[in-house]
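J.: This is the structure I want to talk about, given as structure tokens.
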Amino acid sequence: MASIKKDTTINEYQDFVREVYGLNNDRYFNVGDMLTQIQRFAMRGLKGIRKDDREKIKINLLVSLSWFMSLLNQLHIKIENEVWKRFPYLCSYCGSCPCCCKEKHVKERQKVFVDESKRPKTLQDFQNMFNKIYPPEKRSQQDAGIHLAEELGEFSETILTYLGRHKDEDFGNIALETADLFSCFAGVFNSAGINLAEELSSMFSENCHDCKKSPCQCSFLEIMEYES
Ligand SMILES: [Zn+2]
Ligand SMILES: [Zn+2]
């Protein structure tokens, strides 16, 4: 049986998604299809923000994030490393913790020094890190949601560019945007007071959250018609 533990690392979460959903993903979905699924559920999560419905935010963003892992598995991008390289306990733009982009009107991306001793171990540690870099009390939940939409747009652009040209530099940009998008998921979860590792461990306590099998045996139609 496959499951996610509360002390899961980001790598373990990504591997869990491969173990449970890799087979169906390979058979049914290409990169473009998975991108659409990430967007579909992220937008539902945003609707949850507009309606102030925490449950709707939670389930839809957990599903969106898991599709994100599926897409990254297909591209063989290990997200944990990308997140750490881009956010080494510092804002990737102003290079501070907490972020001071707004106060200092930072106009150029600053060089950041990576202190390996600060690297978070678990997914929970990473969520805590983002809580410190981008304190939720400094912005509204709506703003966190808008930022997520922005970054999802930028991530989508890099995917579409890569699919059009298959250049190495375009692939490198996907990796960078991957980290930014993850930081925005963490931002919304922090704003909504949702403990990501805890919620994933209860959603994925036993294999696929829907059919409870591993590998997932949901049919294509069931996946397409899944509503939370
Ligand atoms: Zn900043
Ligand atoms: Zn299933």
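The values are calculated or read from the model by the stated rules, or taken from the named source; none is laboratory data. Because the structure is a prediction, the values reported are computed rather than measured. Note: ideal-geometry Cβ built from the backbone for every residue, glycine included; neighbour counts use all protein chains shown. Side chains included, ligands, DNA and RNA excluded: accessible areas come from the protein's heavy atoms. Shrake-Rupley method; radii C 1.70, N 1.55, O 1.52, S 1.80 Å.
J.: Could you count how many residues in the range 103-129 are within 12 Å of ligand 1 (Cβ to nearest atom) and either assigned to a helix (DSSP H, G or I) or without any contact (Cβ under 8 Å) to a residue 24 or more places away in the chain (or both)?
T.: 8
J.: For the range 180-188, check the following and say yes or no: at least one residue is more than 16 Å from ligand 1 (Cβ to nearest atom), open to solvent by 10 Å² or more (accessible area, probe 1.4 Å) and either farther than 20 Å from N30 by Cα or free of Cβ contacts under 8 Å to residues at least 60 places away in the same chain (or both).
T.: no
Residue-wise test of (1) among the aliphatic types (A, V, I, L, M); (2) away from ligand 2 (no atom under 16 Å from the Cβ); (3) at pLDDT below 95.
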position	(1), (2), (3)
L90	yes, yes, no
E103	no, yes, yes
E108	no, yes, yes
K111	no, yes, yes
L123	yes, yes, no
F126	no, yes, no
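Table: residues versus (1) touching a Gly at 6+ places or on another chain (Cβ under 6 Å); (2) at positive phi; (3) open to solvent by 30 Å² or more (accessible area, probe 1.4 Å).
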| site | (1), (2), (3) |
| --- | --- |
| K111 | no, no, yes |
| S117 | no, no, yes |
| P120 | no, no, no |
| F126 | no, no, no |
| E157 | no, no, yes |
| H166 | no, yes, yes |
| I174 | no, no, no |
| E199 | no, no, yes |
| F204 | no, no, no |
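J.: Filter the range 193-211 down to residues that are among the hydroxyl-bearing types (S, T, Y) and more than 16 Å from ligand 2 (Cβ to nearest atom), then give me how many there are.
T.: Of the residues in the range 193-211, 2 are among the hydroxyl-bearing types (S, T, Y) and more than 16 Å from ligand 2 (Cβ to nearest atom).
J.: Which numbered condition trips up L46, out of (1) away from ligand 1 (no atom under 16 Å from the Cβ); (2) without any contact (Cβ under 8 Å) to a residue 40 or more places away in the chain; (3) open to solvent by 20 Å² or more (accessible area, probe 1.4 Å)?
T.: Of (1) away from ligand 1 (no atom under 16 Å from the Cβ); (2) without any contact (Cβ under 8 Å) to a residue 40 or more places away in the chain; (3) open to solvent by 20 Å² or more (accessible area, probe 1.4 Å), only one is false for L46: (2).
J.: Search the range 208-219 for residues that are farther than 14 Å from W67 by Cα and free of Cβ contacts under 8 Å to residues at least 40 places away in the same chain and pair each with any residue that is more than 7 Å from ligand 2 (Cβ to nearest atom) and open to solvent by 50 Å² or more (accessible area, probe 1.4 Å) when their beta-carbon atoms are under 7 Å apart and the residues are at least 6 apart or on different chains.
T.: As it stands, the answer is K212/E206, since those pairs meet every condition given.
J.: A follow-up question, please. Only one residue in L90, L61, L65, L72 is in contact with a helix residue (DSSP H, G or I) (Cβ under 6 Å, 6 or more places away or on another chain), surrounded by 20 or more Cβ atoms within 10 Å (Cβ to Cβ) and within 21 Å of E137 (Cβ to Cβ). Which one?
T.: Answer to the selection: L61.
J.: Moving on. When only residues in the range 1-54 that are away from ligand 2 (no atom under 15 Å from the Cβ) and small (G, A, S) count, which is nearest to L221 (Cα to Cα)?
T.: Result: G32.
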